[in-house]
Every structure is written in structure tokens, then in C-alpha cells.
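K.L.:
Below is one structure. I have some questions about it.
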Amino acid sequence: MYSFRRYRSDYRELLRLGLPIMVGQLGVVVVGFMDGLMVGRYGMDDLAAVSFVNSVFNIPILFGLGFSYGLTPLVGQSFGTGDTSRIGCLLKNSLSVNAAVGLLMMLLMGILLLNVDRMGQPAELLPLIRPYFALQLVSLLFVMLFNAFKQFADGITDTRLPMYIMIGGNIFNILGNYILIYGKLGFPALGATGAGISTLLTRILMPLVFAGIFFYGRRYARYRAAFRCCGVERGCTKKLAGMGTMVGLQMGIENGMFSVAGVMIGWLGKVELASHQVILSVSTLGILLYYGTGAAISIRVSHFFGRRDMKDVRRTTAAGVQLMAAMSVVICGAFLTLRPFMGRIFNAPPEVAAIVSMLMLILLTLQVGDVFQVTYANALRGMNDVTSMAAISFVGYFVLALPLCYLFGFTLHGGIVGIWWGFPVGLLAAGLMMMGRFRYLTKNRETHG
């Protein structure tokens, strides 16, 4: 009871900021869940192809999301000190840098598309993989532009508008999936390619809506003058790129662990690959809910850090750990409840359903590492300490977890279950190392000012 009273205002503020982000992220999860479900009902080959492409694209998409996160603490620190002119300039520079990164990622993924036949996937899936891959590739630029607008809005504590745009986009995507995957309203049934077209159209629409609101609505009028007057500044873009690259590497490394493991799972066969897609669709539910609270932690920490208030930095982070621990209990209960029904929900063959049932037990153990890793990664991000965050992630995920995935999955012949056992070790190790770094920094800053 004492702890609740002590942190009550922090819980309230984190939930006020975090709930809209959670709802928006939940919408993303629901769409991913529905993509898997709808494509799975069309055909298992299409589901396996979507699983492979999504595993590969998780790296650039989540690197891009992390790259855009470099804007949030800078906007948050300016917002905490009332510097609105700086915020408009930061957004303009962020849009420029994000667009450049989006084009670069398109180029790199285009090279990968030309060599997709060398990645060890089943030959019969390649005609399904290539068009879906190309559609995902084109959407990367629009993903990056939306990310810049969203992180600007989050930094000024306006987390509701991005939520509404994301929910609207997700509804549009589900309707597009229904029409294009199954061939409704006179359109041909396109399976996985139809899902890719729907995703591309949605990703184009979302930044256009946000741009219209920013440039013509009263909501952001006070930021428009600075946006129009300031130029693209070398120092500002360099700072955004430096911070964004480190945050993007941290998120890309974490999700790269799952993506590289997804490629390994493709070596086992399409049944294992389809099972991996199903369990990833389910696991993303918990991860992105944590990210909603984590984003709120980063915003609050950035405000306090801008005022050099280390006591409130520590307090809001402690409240965030407690909120996410409570959330993890609820998520684990939901996973256990859903476990017997996963095969029927995804209309999966018995061999896929059996593997998913085993993997869901491993999924429960991931939650502990997620709580620590998401909390302290976002606290470090709010304090601009992004280089150490990326280095810790590399050690936890690539030096520790991926070798264990290969060891358990192939050397010890554990298959897909063995591969999945490498994940909890990497997540927990990274989370504990980040916690140690956070405690060292806050103590050092409070001592030396």
C-alpha cells in the first residue's frame, strides 16, 4: 500500500501517456494477427511465405522505428523546458533524415530481393515470396515518414492522435486483406500478394493523413512557423542520426535475433516456418504492450532529465518496472488461456498446432526478460545514453542468444523448440545489464551534477 501511494502519480502519468500508445500498438498486433490468420486460411504455403518475408523485414522496419525514436527524447527535453520553436525544427530535420534512411533501406532490401533464392528457403515458396517481398520493400519510405510524425507527437505528450491514425490504418488494412486475399468485390484472389498490396496502401495513407493534420489543423499551429522557417541543419541532422542509429541498432539487434532465428527455422521446413509465424503473431501482443509503457517511460524520463532531476528519473523508472511486472502477469494468463485454441484460431494443420502449443510455454519465460529490457532500454533512451544500450543489446542477443539458438536447435538436435530456448537467455541478460547501466548513470549524475 505504501508503494502504491508513493508511485500513484507516476502510475497515472505513465498510463495517461502509455495507454494510447498501447492501443495503437495493439492495433498493429491485431493486424499482424489478422494477416497471419487470414493468409493462413488461404493456404499454408502463403502463410509460410509471409512468415519468411516478415521475419526478414522485421530487421529494417524495427531498425527504422528505433531510428525514429531518437527524436522523442530531444523533443521531450525541449517540451520540458518550453522551447516550442526548437520542436518544429527538430521535426523538419527528422523527416529529412528518416526519408533518407527509408530510401537507403529500400536499396539494401532490393539487393536482398535479387538474392532471395540463395537464402535456403523451400523452392516452391519463392513465387509467393518475391511479390510480397517487393511490396514490403516499397512501403519502407512511408513507414519512416509516419514514424517521424509519430515520435514528434509522442514527445509533446500528444499520444492520442497517432493512436487514432494507427487504428484507422489497421481497419483499412484488414478490409483490404479481406478483399484482396480472398478475391471479393470483383477482385481476383491474390493470397499473400493481396496482403502485401493492402499493407502498402495502408502505409502510404497513414503519413499522408498525419501530414494533413500537421500542416492544416489548429492542433499543431504553434510548431508550424518554426517548421517552415528553419532549414535542414547539419548539426541537428547529425545528432538525430547519431541517436537514431544507436536506438535503431538496439531494436534491430533485438529483433534481428528473431529474424536470423526465423531464417534458421526455414532450414527445418515449411511446417516449422508456419509455426514460427503463428507464435510470433501471438508473442507480439505482449511485446508491443510493453513498448507502450516503455515509450511513456522514455517520454517522462526525457522531461525530468532535461531539468536534471535524477530523483524523478529514478522514481518514474521504478514505477514503470512495477507496471510492466503487473502487466506481464496478465499477459501470461492470456497466453495460457489461448494456448489450447491456437491451432483452431489459425486453422493450422495438426503438426503446426502441436509445435505452437510447445512454443507457447517457452513464450511465458520471455516475459521476465522483456520487463527488464524494455523498461531500462527506454529509461536509457530518455537520458540520451543510446550507445551503451546498443552495445549491451549486441552482447545479449548476438553474442549470447543466437549461438545458443544454433547450439540447442542444430548441434543438440532440438529443432524449432531448441532454437526458441535461446531467446529467454538473451533477453534477460540484456535487461539486467541495462538495469546496471541505468543505476550507475543516475548515481553518477546525481553525485557530479
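The values are calculated or read from the model by the stated rules, or taken from the named source; none is laboratory data. As the structure is a prediction and not an experimental result, all values here were calculated from the model. Cβ sites come from the backbone with ideal geometry, for glycine too, and all protein chains shown count toward neighbours. Heavy atoms of the whole protein, side chains included, go into the accessibility calculation; ligands, DNA and RNA do not. Shrake-Rupley method; radii C 1.70, N 1.55, O 1.52, S 1.80 Å.
K.L.:
Between Ala379, Ala334, Ala192, find the one with the highest GNM mean-square fluctuation for the chain; connect C-alpha pairs within less than 10 Å.
P.N.:
Ala334
K.L.:
Okay, moving on. Please identify the helices of the chain, taking whole runs of DSSP H, that span at least 15 Å along their own axis as judged from the Cα atoms and have a mean Kyte-Doolittle score of 0.0 or higher.
P.N.:
Answer set is 2-42, 44-69, 71-81, 84-114, 126-155, 160-182, 192-216, 234-268, 270-306, 310-338, 350-382, 422-448.
K.L.:
A further question follows. Could you pull out every one of the lysines with an alpha carbon less than 23 Å from that of Lys311, ignoring same-chain neighbours closer than 8 positions?
P.N.:
Cα-Cα hits under 23 Å: Lys443.
K.L.:
For region 322-438, what relative contact order do you get, as a whole percent, if you take Cα pairs closer than 8 Å and at least 6 residues apart? Could you put the intermediate results ahead of the total?
P.N.:
Details: 122 pairs, mean separation 35.2, N = 117.
Relative CO of region 322-438 lands at 30 percent.
K.L.:
For Cα extents along the principal axes in Å, several values are listed as (1) 59, 47, 38; (2) 65, 64, 42; (3) 73, 44, 37; flag the one computed from this structure.
P.N.:
Of the labelled values, this structure produces (1).
K.L.:
Give the calculated FRET efficiency between Tyr164 and Leu103 to the nearest 0.05, with a Förster radius of 30 Å applied to their Cβ-Cβ distance.
P.N.:
0.60
K.L.:
What's the extension gain from Phe341 to Lys311 if we count 0.36 nm per residue and subtract their Cα-Cα distance?
P.N.:
Stretched fully, the Phe341-Lys311 segment lengthens by 6.2 nm.
K.L.:
Pairing rule first: another cysteine's C-beta must sit under 4.7 Å. Under that rule, which cysteines of the chain stay single?
P.N.:
That list is Cys229, Cys236, Cys332, Cys405.
K.L.:
While we're here: From the square roots a ≥ b ≥ c of the eigenvalues of the alpha-carbon gyration tensor of region 243-300, which class results: rounded (a/c under 1.5), prolate (a/b over b/c), or oblate?
P.N.:
Oblate, since a/c reaches 1.5 and b/c is not below a/b.
K.L.:
Please work out how much length the chain gains when fully extended from Asp117 to Ser357, using 0.36 nm per residue of separation minus the C-alpha to C-alpha distance, in nm with one decimal.
P.N.:
Result: 83.3 nm gained on full extension.
K.L.:
Go ahead and run the numbers for FRET between Arg41 and Val263, Cβ-Cβ distance against an R0 of 35 Å, rounding to 0.05.
P.N.:
Here the calculated transfer efficiency is 0.85.
K.L.:
In deg cm²/dmol, rounded to 500, what helix-only [θ] at 222 nm does the chain give when every DSSP H run of at least 4 residues adds -39500 (n - 2.57) and the total is split over its residues?
P.N.:
Result for the chain, helices only: -29500 deg cm²/dmol.
K.L.:
Still on this structure: Multiplying the sequence separation of Ile171 and Thr411 by 0.36 nm and subtracting their Cα-Cα distance, what value in nm do you get?
P.N.:
Residue separation times 0.36 nm, minus the Cα-Cα distance, leaves 82.0 nm.
K.L.:
Here's something else I'd like to know. Given the options Gly409, Gly436, Gly66, state which has the largest fluctuation in a GNM of the chain using a 10 Å cut-off (strictly under) for Cα springs.
P.N.:
Its mean-square fluctuation being the largest, the pick is Gly436.
K.L.:
Which FRET efficiency value, to the nearest 0.05, is calculated for Tyr216 and Glu124 with the Förster distance at 45 angstrom and r the Cβ-Cβ distance?
P.N.:
0.35
K.L.:
Between rounded, prolate and oblate, where does region 19-167 land on the alpha carbon gyration tensor, with a ≥ b ≥ c its root eigenvalues, rounded for a/c under 1.5, else prolate if a/b exceeds b/c?
P.N.:
Oblate, because a/c is 1.5 or more while a/b does not exceed b/c.
K.L.:
Under a 10 Å cutoff between Cα atoms, tell me which one of Leu249, Leu107, Leu240 has the largest fluctuation in the Gaussian network model of the chain.
P.N.:
So, out of Leu249, Leu107, Leu240, the one fluctuating most is Leu107.
K.L.:
Something else about it: For His276, His303, give the ranking by accessible area with the largest first, probe 1.4 Å.
P.N.:
Per-residue accessible area, sorted high to low, gives His303, His276.
K.L.:
Moving on to the next point. Going by a ≥ b ≥ c, the root eigenvalues of the Cα gyration tensor, does region 301-443 fall in the rounded group (a/c under 1.5), the prolate group (a/b larger than b/c) or the oblate group? Show your work: numbers first, answer last.
P.N.:
On the way: a/c = 3.57, a/b = 1.75, b/c = 2.04.
Note, shape of region 301-443 comes out oblate.
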